[in-house]
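The values are calculated or read from the model by the stated rules, or taken from the named source; none is laboratory data. Please read these numbers as outputs of a predicted model, since none were measured by experiment. Cβ coordinates were reconstructed from backbone atoms using ideal geometry, including for glycine residues, and neighbour counts include every protein chain displayed. Ligands, DNA and RNA are stripped out before the accessible areas are found, and what is left, the full protein with its side chains, is counted by its heavy atoms. Shrake-Rupley method; radii C 1.70, N 1.55, O 1.52, S 1.80 Å.
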Amino acid sequence: MKLIANKALKLGAVIGTAAMLLSCSAKSPERTAEYAVQGLYSAALSNDGSAALVGSIQHGGSYWSTALNDRRFNWNHAKGEYTSLISVDIDPTNAFAATGSARTLVLWNTSSGQSAGFWNTPGDIKSLKLTNNGDYALLGLDDQTARYFDVKNGGIKQTFRTGAIVRSVDVSPDGRLGLTGDDNRQVILWDTQTGEKKFSWLLSNRISTVALSADGKYAFGAAQLGNAKVWSTLTGREVALIDTGSLDKRQNTISQAVFSADDRKLLLGGINRRVSLRDISSGEVLQEWDLYLKEALRPTGSSVLALSYGKDGRYYAIGSNGYLNVLE
């Protein structure tokens, strides 16, 4: 499948200001639900949006069924304590989930709610992503490394040294490719089997988020208050430049990104609570939404912490103010 037509490649596909001006105005969510009263440190959604995992500021971790907003499990790392969960994830099969505090990582069975492994980490966890069935995790740490970790059996399989704090990671479902974004403005693609660096790309500021397509063919990276791009993981070539808009004459920060299953679209979320669905090849903004604000008249915000494609034209987003948003 070609991500962008040859003509678009020659012109350098740009999701730009003109396309954004032509897009419809941002819509409100069709449904919302409050999952944390005091807001969130972290959040994750299953691939189909049916499950959510949040790390709340007040009550630690909890795992939810989004259809009925049913809190199924409460997950913390020490008995009688509420753990500050800096990063969380649900594996692509929705069989396992992981919660990461400063230096502890716990794997959870999403059917039973029981812990399937508890581990200490060599640095503070900044970001984590699971492979299929929760077999492995890629951890972005503050010790200037990312670690490819056997979550079920223990043991570090690969250590990727970046020279800067790794704030965002992603890993292909089959575990063959890892993607890191660090404070040196680098987005790096790694071969998790050999430990080799496949490609390295520079953006305009420290990296705010990275994402891999499910088939591993494309990589996305965005810089804090800076630019964002899509690259081919096969050739290393840039295939799209994402215009991140303006915010007080500065670019906005994209905080989350998810490729569609066919690699044709990107679902993007920002620190300004805006979610947009964009066609990569044409640059068209197909739909836009603003996340729900509990007190809309007060100067409060809601950064996008998690995104997912749902069924029947629905999309899911979780904001830092603790609300699930169902978007149509």
* To do: With runs of 4+ DSSP H residues as the only contributors, calculate the mean residue ellipticity of the chain at 222 nm using -39,500 (n - 2.57) per run, divided by the residue total and rounded to the nearest 500.
  => -1000 deg cm²/dmol
* To do: Before anything else, pin down the relative contact order of the range 119-179: Cα pairs under 8 Å, at least 6 apart, normalised by residue count, whole percent.
  => 32
* Structure fact -> Expected vector for the range 202-208, Karplus 3J(HN,Hα) from phi with 6.51, -1.76, 1.60 and θ = phi - 60°, integer Hz, x for Gly and Pro, equals 10, 10, 7, 7, 4, 7, 8
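What is the extension gain from Ser25 to Asp124, computed as 0.36 nm multiplied by their sequence separation minus the C-alpha to C-alpha distance, in nm to one decimal?
Details: separation 99, 0.36 × 99 = 35.64 nm, distance 4.00 nm.
Length difference between fully extended and current span is 31.6 nm.
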* Asked: Rounded to a whole number, what % of the accessible area of the chain do carbon and sulfur atoms account for, probe 1.4 Å?
  -> 45
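Taking only protein heavy atoms into account and a 1.4 Å probe, give the accessible area per residue of the chain in Å². Present the calculation step by step, with values, prior to reporting the outcome.
Details: 14250 Å² over 328 residues.
Accessible area per residue, the chain: 43 Å².
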* **Rounded accessible area of Asp290 (nearest 10 Å², 1.4 Å probe)** => 40
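The range 68-117: which trypsin sites (Lys or Arg not before Pro) are DSSP loop and have at most 13 other beta-carbon atoms within 10 angstrom?
On the way: sites: Arg71, Arg72, Lys79, Arg103; in loops: Lys79, Arg103.
Taking the range 68-117 and a limit of 13 other Cβ atoms within 10 Å, the loop trypsin sites (Lys or Arg not before Pro) found are Lys79.
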* Dividing the convex hull volume of the alpha carbon atoms of the range 93-175 by its residue count, what do you get in Å³ per residue? -> 75
* Asked: Hey, which aspartates and glutamates would be in cross-link range of Lys27, C-alpha to C-alpha under 13 Å, not counting anything within fewer than 8 residues on its own chain?
  -> Glu288, Asp290, Glu328
* Structure fact -> In order over the range 274-291: 3J(HN,Hα) from phi, Karplus 6.51/-1.76/1.60, θ = phi - 60°, whole Hz, x for each Gly or Pro, gives 8, 10, 9, 9, 10, 7, 5, 6, 8, x, 6, 7, 7, 8, 9, 9, 10, 5
* To do: Set the Förster distance to 56 Å, then compute FRET efficiency between Ala78 and Ser282 from the Cβ-Cβ distance, nearest 0.05.
  => 0.65
* Asked: Points 7 angstrom from Cα along the Cβ direction at Arg264 and Ile156: gap in nanometres?
  -> 4.3
* Working out 0.36 nm times the residue gap between Leu241 and Ser65, then minus their Cα-Cα distance, what length gain in nm do you get to one decimal? -> 59.8 nm
* Asked: Arg147: accessible area at probe 1.4 Å, nearest 10 Å²?
  -> 30
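Which whole-number value in Å³ per residue fits the convex hull of the alpha carbons of the range 198-287? Intermediate results must be reported in sequence, preceding the final value.
Working: hull volume 8.1 nm³, N = 90.
With only Cα atoms used, the range 198-287 gives 90 Å³ per residue.
Evaluate the relative contact order of the range 12-143 (contact order divided by residue number), counting alpha-carbon pairs under 8 angstrom at least 6 apart; express in whole percent.
Values: 282 pairs, mean separation 20.6, N = 132.
So the answer I get is 16 percent.
Over the chain, what is the mean sequence separation of C-alpha contacts under 8 Å (at least six apart), divided by residue count, expressed as relative contact order in percent? Write down the numbers at each step before the final one.
Values: 980 pairs, mean separation 57.5, N = 328.
Reported as a whole number, the value is 18 percent.
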* To do: Specify which labelled value, from (1) 68, 49, 39; (2) 68, 43, 39; (3) 56, 50, 35, agrees with Cα extents along the principal axes in Å derived from the coordinates of the model shown.
  => (3)
